[in-house]
């Protein structure tokens, strides 16, 4: 995948996570939905699976984990790929 003129190499799960968020850009996607879409399971506990992959993805996209603008976290609700982010990912 490319961000601007820079190629970004993603693992399969990172790509699937990004795809799951981008296909619903602007909408909040719950962790249960992400577990079903990316990990094909309805089993969800307090594991940090999503958080770990999200951290790797944010770093690769240069989306500051402390102040993300591309993929935002909405406490108790889920994650959202922002449609008004400052840079474009394709």
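Read the figures in this text as sums done on the coordinates, not as results from a lab. Only a predicted model underlies this, so the values are computations on that prediction, with no experimental measurement involved. Please note: Cβ atoms are built from the backbone with ideal geometry, for glycine as well, and neighbour counts cover all protein chains shown.
Please give the length that would be gained between residue 82 and residue 31 if that part of the chain were fully extended, namely 0.36 nm times their separation in residues minus their C-alpha to C-alpha distance (nm, one decimal).
16.7 nm
Roughly what angle does helix 49-60 make with the longest principal axis of the chain, taking Cα atoms, 0 to 90 degrees, to the nearest 10?
Tilt of helix 49-60: around 0 degrees.
Expressed as an acute angle from 0 to 90° and rounded to the nearest 10, what is the orientation of the C-alpha long axis of helix 12-22 relative to the principal long axis of the chain?
Long axis of 12-22 versus the principal axis of the chain: about 80 degrees.
Can you put 74, 53, 19 in order, fewest other beta carbons within 10 Å first?
Working: 74 11, 53 20, 19 15.
In order of increasing Cβ crowding within 10 Å: 74, 19, 53.
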